[in-house]
Each structure stands twice: as structure tokens, then as C-alpha cells.
Amino acid sequence: MTNPRTSRPHLRTVSITGVGSYVPDRILSNADLEKLVETSDEWITSRTGIKERRIAAEGETTSDMATAAARKALERAGVTAAELDLIIVATITPDMPFPSTACLVQHRLGASRAAAFDIEAACSGFVYALDIGSHFVACHTYNTVLVIGAEKMSSVVDWKDRNTCVLFGDGAGAAVLQNRPAAHGLLTTCLGSDGAKAGLLEVRGGGSACPATAKSVSEGMHFLRMDGKETFKNAVNAMVTAATEALERCGLNIAQIRCIIPHQANQRILSAVAERLGAGPDQVFSNVDRYGNTSAASVAIALDEAVGAGRIHRGDLVLLVVFGAGLTWGAAVIEW
Ligand code: UT7
């Protein structure tokens, strides 16, 4: 096994020293959705593997969920908010267009020394943020970086569109990045994008192309729309490509990976990716049945749950692999 990152001697190793997650209390089951749109538990379960998802409380924001996840990650890392140098929040459902959700989290945590900004790579956001944040630590710019994936997808879902409303949920996950000289930590990350396919999955309204007007609201331009079939195919291909490239860079094969944490979009996508990578079902972590697709929060929540469930131990090799709107995709290999 090689660590492509630290083969350059001026770079430091970067470890995840604490993870945490938060999901709202309110559960929306498939039976609840049967009352909203023409669907069935049977259809949702067989096509997606999703049984229920969490929905933020009235007034509960993305920054609220991000802050809750961050507090747990800081506690587990043994780090105080005052020690943070940088906070990066990956989200497509920020509290507002600006200021950034990261700045709101910075204030809520009392991270008085930290710089803060958001990044947007849709469901790939957490791995993008992990990659960006890790470079600040590797390059000696900062010692302690907090990366968060947080989404209130219920705020952009059209609850009359059965093609999408059954898929998404709310939540947040966070990780603290630090240099731990003895550990290997993050071995590699690879990211990709294809803006030619931007139209497959989008929220059209609310930006400079289509500012909010009474007309844009009445036409449902602020809701998420997706070509599910095409997105599905692109997701499987991109995740397999990203995972394969990440493993090759580290001189690893799939059998050496203890835990694969794919973006939790659809159980059929997870299974197809695992099959094409030659991974066994016991290697793949899934919680899509309980949370649905929480976009940028998805792999962060899953990572925290996998650690909590004893699926990942010190020294284990972990593969994160993600895909989302943009299109965007990415993978990360971590020696825990
Ligand atoms: O996070 C970013 C990545 N996101 C993804 O990767 C999601 C990718 N896409 C998917 O997961 C799947 O394409 C879906 C779950 C969205 C759809 O599954 P599918 O097997 O591709 O179904 P489909 O789109 O081909 O729809 C089949 C039928 C259609 O009816 P007709 O046109 O064949 O009569 C849909 O109208 O199922 C219908 N349908 C539903 N029926 C009951 C669509 N949604 C529902 C529903 N309940 N909720």
C-alpha cells in the first residue's frame, strides 16, 4: 500500500480524529407518503430500499443540524471550538443564499479563530469538502479543520412529485481533520465533474438565471427535479470509475477494503456499485433504509454510524464513494 499524498515529503498526513452526525427526530415513513402522493411502500422499498426518512422540525435549519453534528465530532476528537482553524460546510440547501451556512455554524459553535466557507457539490459535497479541508492540513496552513455535510432536502422537495419526494431526507454529518504523525489517515481522494449533464438533477430557480418571482414560485422552479433513470446510470458508472481510480492510486484492491461507504441514494445503486467493484455485501455500509438520500450529509452520517456500529476499527481501510448533481463524483481512501 502506498500513500500518494505523503510520498511528497513536504506534505503532512491528515487523519479524521472525530466524527459526529445528527438527524431530526421526525420520521416520515413510506406509509405516510402513501397519503401524500400516489405511491406504495412496496414500490418505494423495491425500487429504492428506503423505508423511512427524517424531516427537520418546523423552523429547524441546515445550520442547526450542522452545528449539532459538529458538536459531536468535536467532542469525539477532543477538540474545542476555539481550536478550530477552518470550517467548511458542504450543502445545496444553505440557510440562505448568503452569508454562508459555515459562518452561521462558526458563530453557533463559538469558533472564534476559524475561517468559514461553504462549498457546493450536491451529493458529492462531503468528499469534496474532505479533499479541500485536508489540503489545508497537509500543507501546514491549518492544524484543525472541521468539515460538515448538511442538508434540509425537505425544503427543496416538491411534495406533489412522487418521482422525487420519496427519495430524500434531512440530516448532517461532520468530521475533524488533524495531523497525527503516527497515522496514515487520508490516503487519496479523487474528484470529477461533468457539467454537460447539469440538467439531469437541478433546482432551476432562485439563482441569477431565474431569480425568485411570483411566477417562478407558482411554476415550481424552486423544487428539485431529476431524470431518475439517467441519473441512476451515471451514478453507477461514475462511482465505479472513481472508486477504481482511488484504489489504483494507493496500490490497493477491493478485497483489502474493510468498509465501503457509498453515497446513500438508492439500495439498487449501492448493490450495482458493489457488484461491479467485486465487493461483497458485508463490505458495504448502508443506512438508506432509515434516512433516504440526505445529499451531502449522506456519507458523513453513514461514516459516523459505521464507526459507532463497530464496522470500522483503527488501521482498517475505508472507501468513501459519492455521486451527485453537477454532475459531480468522487472517492476517498482512508486508513482509519
Ligand atoms: O443523489 C444523487 C443521485 N441520485 C440518484 O442516483 C437517484 C437515481 N435514480 C433512482 O434512484 C431511480 O431512477 C428512481 C428510484 C428515481 C426511479 O426508479 P426507476 O426504477 O428508475 O423507475 P422509473 O423512473 O423508470 O419509473 C418507473 C415507473 C414510472 O411509471 P411509468 O411511466 O412506467 O408508468 C413512474 O411514473 O414508476 C413510476 N413511479 C412511481 N410509482 C410509484 C415513479 N415514482 C414512483 C413512486 N411510486 N414514488
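The values are calculated or read from the model by the stated rules, or taken from the named source; none is laboratory data. Everything numeric here is computed off the predicted structure, so don't read it as measured data. In this analysis, Cβ positions are derived from the backbone assuming ideal geometry, glycine residues included, and neighbour counts consider all displayed protein chains. SASA here: full protein model, heavy atoms, side chains in, ligands and nucleic acids out. Shrake-Rupley method; radii C 1.70, N 1.55, O 1.52, S 1.80 Å.
Conditions tested, residue by residue: (1) closer than 24 Å to Ala121 by Cα; (2) open to solvent by less than 30 Å² (accessible area, probe 1.4 Å); (3) not assigned by TED's automatic domain parsing to the domain that holds Ala122.
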position	(1), (2), (3)
Gly251	no, no, yes
Ile261	yes, yes, yes
Glu275	no, no, yes
Ala279	no, yes, yes
Gly292	yes, yes, yes
Ile312	no, yes, yes
Ala325	yes, yes, yes
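Could you identify the single residue in Ala306, Ala279, Ala255 that is more than 16 Å from the ligand (Cβ to nearest atom) and assigned to a loop (DSSP other than H, G, I, E, B)?
Of the residues listed, the single one that is more than 16 Å from the ligand (Cβ to nearest atom) and assigned to a loop (DSSP other than H, G, I, E, B) is Ala279.
Yes or no: segment 186-193 includes at least one residue that is open to solvent by 40 Å² or more (accessible area, probe 1.4 Å) and closer than 25 Å to Phe232 by Cβ.
Scanning segment 186-193 turns up at least one residue that is open to solvent by 40 Å² or more (accessible area, probe 1.4 Å) and closer than 25 Å to Phe232 by Cβ.
Per-residue answers, yes or no, for (1) away from the ligand (no atom under 16 Å from the Cβ); (2) surrounded by 16 or more Cβ atoms within 10 Å (Cβ to Cβ); (3) modelled with pLDDT of 95 or more:
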position: Ile44; (1), (2), (3): no, yes, yes
position: Ala57; (1), (2), (3): yes, no, yes
position: Ala66; (1), (2), (3): yes, yes, yes
position: Gly78; (1), (2), (3): yes, no, yes
position: Glu83; (1), (2), (3): yes, yes, yes
position: Thr91; (1), (2), (3): no, yes, yes
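Could you count how many residues in segment 9-27 are in contact with a Ser or Thr (Cβ under 9 Å, 6 or more places away or on another chain) and acidic (Asp, Glu)?
Selection size over segment 9-27: 0.
Filtering segment 46-55 down to residues that are in contact with an Asp or Glu (Cβ under 7 Å, 6 or more places away or on another chain) and more than 10 Å from the ligand (Cβ to nearest atom), which residue is most open to solvent (accessible area, probe 1.4 Å)?
Here the residue is Lys51.
Are any of the residues in segment 173-196 of a type in the set (Ser, Thr, Tyr), at negative phi and in a loop (DSSP other than H, G, I, E, B)?
The answer is no, given that none of the residues of segment 173-196 is of a type in the set (Ser, Thr, Tyr), at negative phi and in a loop (DSSP other than H, G, I, E, B).
Just a yes or no: is a residue in segment 114-122 away from the ligand (no atom under 13 Å from the Cβ), in contact (Cβ under 8 Å) with a residue 40 or more places away in the chain and within 18 Å of Val299 (Cα to Cα)?
First, pick out the residues of segment 114-122 that are away from the ligand (no atom under 13 Å from the Cβ): 114-120.
Subset that is in contact (Cβ under 8 Å) with a residue 40 or more places away in the chain: none.
Within segment 114-122, not a single residue is away from the ligand (no atom under 13 Å from the Cβ), in contact (Cβ under 8 Å) with a residue 40 or more places away in the chain and within 18 Å of Val299 (Cα to Cα).
Residue-by-condition table, conditions (1) free of Cβ contacts under 8 Å to residues at least 60 places away in the same chain; (2) outside any loop (DSSP other than H, G, I, E, B); (3) among the acidic types (Asp, Glu); (4) more than 16 Å from Gly324 (Cα to Cα):
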site: Phe136; (1), (2), (3), (4): yes, yes, no, yes
site: Ala150; (1), (2), (3), (4): no, yes, no, no
site: Asp158; (1), (2), (3), (4): no, no, yes, yes
site: Gly199; (1), (2), (3), (4): yes, yes, no, no
site: Val236; (1), (2), (3), (4): yes, yes, no, no
site: Glu245; (1), (2), (3), (4): no, yes, yes, yes
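In this structure, does Ala111 turn out to be at positive phi and crowded, with 20+ Cβ neighbours inside 10 Å?
no
List the residue pairs whose Cβ atoms are under 8 Å apart, where the first residue sits in segment 10-27 and is more than 13 Å from Arg290 (Cβ to Cβ) and open to solvent by less than 20 Å² (accessible area, probe 1.4 Å), the second is among the β-branched types (Val, Ile, Thr) and modelled with pLDDT of 95 or more, and the two are 6 or more positions apart or on different chains.
If the second residue must be among the β-branched types (Val, Ile, Thr) and modelled with pLDDT of 95 or more, the pairs left are Val14/Val137; Gly18/Val79; Gly18/Val176; Val19/Val176; Val19/Val307.
Can you name the residue in segment 214-235 that is surrounded by 13 or more Cβ atoms within 10 Å (Cβ to Cβ) and among the small types (Gly, Ala, Ser) and is also farthest from the ligand (Cβ to nearest atom) among such residues?
Result: Ser216.
Kindly provide the set of residues from segment 129-154 that are open to solvent by 40 Å² or more (accessible area, probe 1.4 Å) and within 16 Å of the ligand (Cβ to nearest atom), ordered by number.
Of everything in segment 129-154, just one residue is open to solvent by 40 Å² or more (accessible area, probe 1.4 Å) and within 16 Å of the ligand (Cβ to nearest atom), namely Lys152.
How many residues, within segment 42-77, are in contact with a strand residue (DSSP E or B) (Cβ under 7 Å, 6 or more places away or on another chain) and of a type in the set (Gly, Ala, Ser)?
Counting residues in segment 42-77 that are in contact with a strand residue (DSSP E or B) (Cβ under 7 Å, 6 or more places away or on another chain) and of a type in the set (Gly, Ala, Ser) gives 8.
Are any of the residues in segment 159-168 more than 23 Å from Met221 (Cβ to Cβ) and in contact with a Gly (Cβ under 9 Å, 6 or more places away or on another chain)? Spell out the reasoning first.
Residues of segment 159-168 more than 23 Å from Met221 (Cβ to Cβ): none.
Among the residues of segment 159-168, not one is more than 23 Å from Met221 (Cβ to Cβ) and in contact with a Gly (Cβ under 9 Å, 6 or more places away or on another chain), which makes the answer no.
Residues in segment 294-310 that are open to solvent by 10 Å² or more (accessible area, probe 1.4 Å), closer than 27 Å to Glu120 by Cβ and among the aliphatic types (A, V, I, L, M): how many?
Looking only at that region, the number is 1.
Looking at segment 103-113, can you tell me whether even one residue there is in contact with a Phe, Trp or Tyr (Cβ under 7 Å, 6 or more places away or on another chain) and outside any loop (DSSP other than H, G, I, E, B)?
no
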